[in-house]
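The values are calculated or read from the model by the stated rules, or taken from the named source; none is laboratory data. Treat the numbers as computed from the prediction; the structure is a model and nothing was measured. Glycine gets a Cβ as well: all are built from the backbone with ideal geometry, and neighbour counts include every protein chain shown. The area values use the complete protein model at the heavy-atom level, side chains included, leaving out ligands, DNA and RNA. Shrake-Rupley method; radii C 1.70, N 1.55, O 1.52, S 1.80 Å.
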Amino acid sequence: MISPTLPAELKAALDGKLQGFSRSDAARRSQRISTTYRAGGTSGTIKSDADALAYALARMPATYAAVAASLNALTEIAPDLAPETLLDVGAGPGTASWAAAEAFPSLQDFTLLDANATLSRLALELAHGSSRLAECRYLPGDAGGNLAEVSQADFVIASYIIGELSEADQRKLTEAMWAKARHALVVIEPGTPAGYARILALRQQLIAAGAFVTAPCPHERPCPLIAPDWCHFRQRLPRSQAHRQIKGAEVPFEDERFIYVALTRTPPASRAARVLAPPDVGKAEIAAKLCTEAGVAPAKVPRRDKAAYAEARRWRWGDAVMSES
């Protein structure tokens, strides 16, 4: 399991960029960029080096935490997965590549793809002193159009990118990413109903193409949740002083809500149920909502079953637990 906090090398690189950089200016820039994204805009609003750094300072910690949690879920179910080559689609400042490097010591070759030249420049600068990412390749261009020219990779990842595309382009990108993935594909989106819907569509499309769902679902059947319920998870991460200043936040932590799907070319050796919400710890029992191979099922563990109760007390939202179905 890897930590949800930024690796020391990346934190040091960001801290170095902060020298002489106005926190108030960064806060204004990040707020403008965030407003654009929430309105359905793209990274096109990030036009200057200052914009890129403000965006990275505001969003890299939470994005990294969500990607780290998603990769932890994948490696827990597929511990033998050892990719040597990575393709990071819509890489931005390189956040997902840093997380993948931490999750997979086997990775030796990193290719990043993004249309925003300003973000790509920042990504290369942040990676310059890295022991793992210093030799990464950053290919300019549109993730959809340029993906066809990129070589296959053992592992493909795309974080917070498909929401910037039309439905038709999402389907094209999904097909292209799967074609480039020799062994596995992970896609992460915001943990909103809209993000969940995008992940569901991608999941359905790739199951039809022969993919196996390794996480978070313990099956390839349609999602058993019924609206207005939707599948998403939460990762808590600490906020540095600079992060709090730029976000205009008082509390020393942030909860990033996200949804992801990890798909592989071969079926997982075993299936695990998934905790879909924070368990309710009562005096008499622990109650949890689980997604199992048979569908959504309530789990109730009585206190009198001391061993099972002790185990259930460790369950957290998003955890994998052995299914009894």
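Mind giving me the nanometre distance, one decimal, between the label points for residue 226 and residue 134, set 7 Å out from Cα along Cα→Cβ?
5.8 nm
What Kirkwood radius, in Å to one decimal, follows from the Cα pairs of the stretch 69-148?
12.9 Å
Looking at the stretch 214-325, what % of the alpha carbon pairs are farther apart than 19 Å? Don't skip to the answer; put the middle values down first.
On the way: 3414 of 6216 pairs.
Roughly 55 percent, rounded to a whole number.
What is the extension gain from residue 22 to residue 3, computed as 0.36 nm multiplied by their sequence separation minus the C-alpha to C-alpha distance, in nm to one decimal?
Working: separation 19, 0.36 × 19 = 6.84 nm, distance 2.87 nm.
This chain segment gains 4.0 nm when fully extended.
Kirkwood Rh over Cα pairs of the chain into Stokes-Einstein at 4 °C, 1.567 mPa s: D in µm²/s?
Here the translational diffusion coefficient equals 64 µm²/s.
Share of the stretch 197-302's accessible area from carbon and sulfur, percent, 1.4 Å?
Solvent-exposed carbon and sulfur of the stretch 197-302 make up 56 percent of the total.
Can you tell me the 0 to 90 degree angle between the C-alpha axis of helix 193-208 and the longest principal axis of the chain, rounded to 10?
80 degrees
How large is the dipole of the chain about the Cα centre if only Lys and Arg carry +1 and Asp and Glu carry -1, each at its Cβ, rounded to the nearest 20 debye?
980 debye
Go through 279, 156, 24 and say which Cα lies farthest out towards the positive end of the charge dipole of the chain; charges sit on Cβ, +1 for Lys and Arg, -1 for Asp and Glu.
Selected residue: 279.
Pulled fully out, how much extra length does the chain show between residue 201 and residue 236, if you take 0.36 nm times their separation in residues and subtract their Cα-Cα distance?
Computed gain between residue 201 and residue 236 is 9.9 nm.
For the stretch 141-225, how big is Rg over Rh, using alpha carbon atoms and the Kirkwood form of Rh?
Rg/Rh: 0.94.
If each DSSP helix of 4+ residues adds -39,500 (n - 2.57) and the sum is divided by the residues in the chain, what number results at 222 nm, nearest 500 deg cm²/dmol?
About -12000 deg cm²/dmol.
Long-range amide H contacts for residue 214: which residues qualify at under 5 Å (H placed 1.01 Å from N, peptide plane, sequence gap of 5 or more or a different chain)?
262, 263, 264
Plugging the Kirkwood radius over Cα pairs into Stokes-Einstein for the stretch 1-134, at a temperature of 20 °C and a viscosity of 1.002 mPa s, what D comes out in µm²/s?
Estimated via Stokes-Einstein, D reaches 139 µm²/s.
Using only the Cα atoms of the stretch 140-297, what are the Rg and Dmax in Å?
Cα only, the stretch 140-297: 17.7, 59 Å (Rg, Dmax).
Across the stretch 223-238, in residue order, what do the Karplus-derived ³J(HN,Hα) couplings come to in whole Hz, using 6.51 cos²θ - 1.76 cosθ + 1.60 with θ = phi - 60° and x for Gly and Pro?
Karplus-based 3J(HN,Hα) across the stretch 223-238 equals 4, x, 6, 10, 4, x, 5, 8, 7, 6, 9, 9, 10, 8, 9, x Hz.
Go through 204, 183, 227 and say which Cα lies farthest out towards the positive end of the charge dipole of the stretch 165-246; charges sit on Cβ, +1 for Lys and Arg, -1 for Asp and Glu.
It is 183.
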